[in-house]
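> Have a look at this one before I ask anything.
Rule-based calculations on the coordinates, nothing more; no lab input. All values reported here derive from a predicted model rather than from experimental measurement. Cβ coordinates were reconstructed from backbone atoms using ideal geometry, including for glycine residues, and neighbour counts include every protein chain displayed.
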Amino acid sequence: MSAKAKKASAKASQIYAVVGSDESTIKGAAKELAAQLAPPDAGDFGIEMIDGCADNADQAAERIRSTIEALQTLPFFGGGKLVWLKNVNFLADSVLGRSASVQTALAELAATLETDFGSDGVKFLLSAPEVDKRRSFYKTLAKRAELQVFDKLDASRSGWEEEATDLVQSLGRKRGLQFDPDALDLFVLLTGGDNRVIANELDKIDLYLGRGNRRVTLEEVRTLVPISRGGVIFELGNALAARHLEHALNLVRRLLDQGESAIGILLVAIIPTVRNLLLAKDLMQRHKLPRPSAPFSFISTLNRLPDEATAHLPRKKDGSINGYALGIAAMHAQHFQVEQLVRGLEACLGANLQIVSSQLDHELILNQVVVKLLA
């Protein structure tokens, strides 16, 4: 998630908006802001809420015009009021949002926001989980409102891990928590950049540690943060890279017990780990690269290499190098020799053939690969 706040002119201090793709965060932030903006001691008359979740274009246009009417109506007992257009669903790039009647009504609302409606103490708050930032109404909000934008991190986009790491560290510092590097990497993967999950798990760790120890270790993340299929796969890769044989064998058993297929474990966890270790080891030897202290520093190192030196590296869907995985591998590459990793890939090939063509126990086949790599 990313959160941005923009403060506009003094006139715009009567206009507030909370928008973005992180719906749960938007609801919480808007509710908190509404409590702050509502006139004190005004009771139910202090907030006029209009439901912005419309079923069709006509209903959406009606809600918008109800909002305009509310903004132009004086407070019942003086002292101001808050008009809250809540949970708006017609600002997105959707059939509803593109409707001509909705766009016409939004233009009328934008014109109203350009007036001095707030001179009588009327304030306006809009909350919307999805907005089309190309539309003129959003541009009016960006210009006139005190705007807060909460967007979820896109875990399919290159670089999301770095943004999520920065977010976890920032929220952790607010709680006085300090992560060990390997604990931070695992926490980021398990929480996936979801702001609500991150906050909940940080609160759990905060409570667990108490006032004395504020350092978060790998063991505490493993103990406290729920581990998903992706987390177990990540942990298996880490265990292989760190040469933790017993832990790796236990994780293989755990994945099989969760219903994961042996071929899936081999192709998704074991082979990518061995391949990344081999690629990282080769790069470090060939170009005399130092062992990184964190995955992201290795990404910077890779970006400084000539294109021909990185042309063979695995890529993400957007064409960028999967530098984070290689950075993790580079941190552990000193545990292995190139020849050993080549034999490890050969063992993976043999295991692949055995899984699909023999009647041997699949756990035994995977365990043999792990032992050949780490023994």
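> Neighbouring Cβ atoms within 10 Å as the yardstick, rank Lys372, Lys174, Lys81, Lys152 fewest first.
Working: Lys372 16, Lys174 10, Lys81 25, Lys152 19.
Result, fewest neighbours first: Lys174, Lys372, Lys152, Lys81.
> Would you mind ranking Met49, Met331 by Cβ crowding within 10 Å, fewest neighbours first?
Details: Met49 14, Met331 23.
Least to most surrounded, the residues fall as Met49, Met331.
> Order of Lys27, Lys288 from fewest to most other C-beta atoms within 10 Å? Before the final figure, lay out the partial values.
On the way: Lys27 16, Lys288 7.
Ordered by Cβ neighbours within 10 Å, fewest first: Lys288, Lys27.
> Using label points projected 7 Å from each Cα along Cα→Cβ, tell me how many nm separate Leu353 and His287, to one decimal.
3.4 nm
> Using 1/(1 + (r/R0)^6) with R0 = 35 angstrom and r between the beta carbons of Leu256 and Arg211, what's the FRET efficiency to the nearest 0.05?
Working: r = 41 Å, r/R0 = 1.18.
The pair Leu256/Arg211 has a calculated efficiency of 0.25.
> Where Rh is the Kirkwood radius over the Cα pairs of the range 229-374, the temperature 10 °C and the viscosity 1.306 mPa s, what D in µm²/s does Stokes-Einstein return?
Numbers: Rh = 15.7 Å.
For these conditions, the coefficient is 101 µm²/s.
> How far apart, in nm, are two points set 7 Å out from the Cα along the Cα-to-Cβ line at Lys133 and at Glu163?
0.9 nm
> Using just the C-alpha positions of the chain as equal point scatterers, what log10 of I(q)/I(0) does the Debye formula give at each q in 0.06, 0.12, 0.14 1/Å?
-0.36, -0.95, -1.10
> Next up: Efficiency by 1/(1 + (r/R0)^6): what FRET value for Lys174 and Leu267, r their Cβ-Cβ distance, R0 = 45 Å, to the nearest 0.05? Please report the intermediate quantities before stating the final value.
Numbers: r = 40 Å, r/R0 = 0.89.
The value I calculate is 0.65.
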